[in-house]
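Read through the structure below, which is laid out as structure tokens, and then see the notes.
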Amino acid sequence: MTGRSLRHTAQPAALDGRAGLLVLPDVPDDAPDLVREGVARRRITASTGRCPCGAALVIPNRAARRAAARSGRDVTHVRVEHEPGCPATEDVLRPALRQWRAEQ
Ligand SMILES: [Zn+2]
């Protein structure tokens, strides 16, 4: 373990008229291209609602968000079904991150 990890930054966002924070990973300057591209695509998807691969960001519907709020959960998780092979998929980004972290 080298201590390499993704930094995250938060930016103001609103959902259902409530103020919140959108927490996104920063694109690491010293990472391989595949890691940088995957992280960049996740940021693009979160801020625009669509990945360059064509996948759309799916926000839980209003009823699901209200149910989550009633149960005390203040974090809304979104779902994105990227195309196979997209650098933002878990199948591509996770091993690329693991390899980058293992390098010294
Ligand atoms: Zn994608």
* Quick one: order Thr48, Thr89 by neighbouring beta-carbon count within 10 Å, fewest to most. => Thr48, Thr89
* Work through the residues other than Leu24 whose Cβ is under 13 Å from its Cβ and net out their charges, Lys, Arg +1 and Asp, Glu -1. => +3
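Quick one: order Leu93, Leu21 by neighbouring beta-carbon count within 10 Å, fewest to most.
On the way: Leu93 21, Leu21 11.
Result, fewest neighbours first: Leu21, Leu93.
Quick one: length gained pulling Arg101 to Arg62 fully straight, 0.36 nm per residue minus the C-alpha distance?
Details: separation 39, 0.36 × 39 = 14.04 nm, distance 3.81 nm.
Full extension from Arg101 to Arg62 adds 10.2 nm.
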* To do: Can you grab the distance from the C-alpha centre of the range 1-35 to the C-alpha centre of the range 36-98, Å, no decimals?
  => 12 Å
* Please give, to one decimal in nm, the separation of the simple spin-label points placed at Arg50 and Ser5, each 7 Å out from Cα toward the Cβ. => 3.5 nm
* For the range 27-104, what log10 I(q)/I(0) values come out of the Debye formula at q = 0.21 1/Å, with one point per alpha carbon and no solvent? -> -0.90
* What order do you get for Arg66, Arg4 when you list them from fewest to most C-beta neighbours inside 10 Å? -> Arg66, Arg4
* Most fluctuating residue given options Arg41, Arg70, Arg50, as computed from a GNM of the chain linking Cα atoms under 10 Å -> Arg70
* Using amide H atoms built 1.01 Å from N in the peptide plane, name the residues 5+ places from Leu22, or on other chains, whose amide H lies under 5 Å from its own. => Gln11, Ala13
* Work out from phi, with θ = phi - 60° and the Karplus expression 6.51 cos²θ - 1.76 cosθ + 1.60, the ³J(HN,Hα) of each residue of the range 13-21, listed in order in whole Hz, and give x for Gly and Pro. => 8, 10, 9, 6, x, 9, 6, x, 10
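State, as an integer percentage, the relative contact order of the range 8-102 based on alpha-carbon contacts under 8 Å between residues 6 or more apart. Intermediate values should be presented prior to the final figure.
On the way: 111 pairs, mean separation 23.1, N = 95.
For the range 8-102, the relative contact order is 24 percent.
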* So which residue, out of Ala67, Ala40, Ala55, gets the largest mean-square fluctuation from a GNM of the chain using Cα contacts under 10 Å as springs? -> Ala67
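Every number here is computed from the coordinates shown, using simple stated rules; none is lab data. As the structure is a prediction and not an experimental result, all values here were calculated from the model. Don't worry about glycine lacking a Cβ; one is built from the backbone with ideal geometry, like all the others, and counts go over all protein chains shown.
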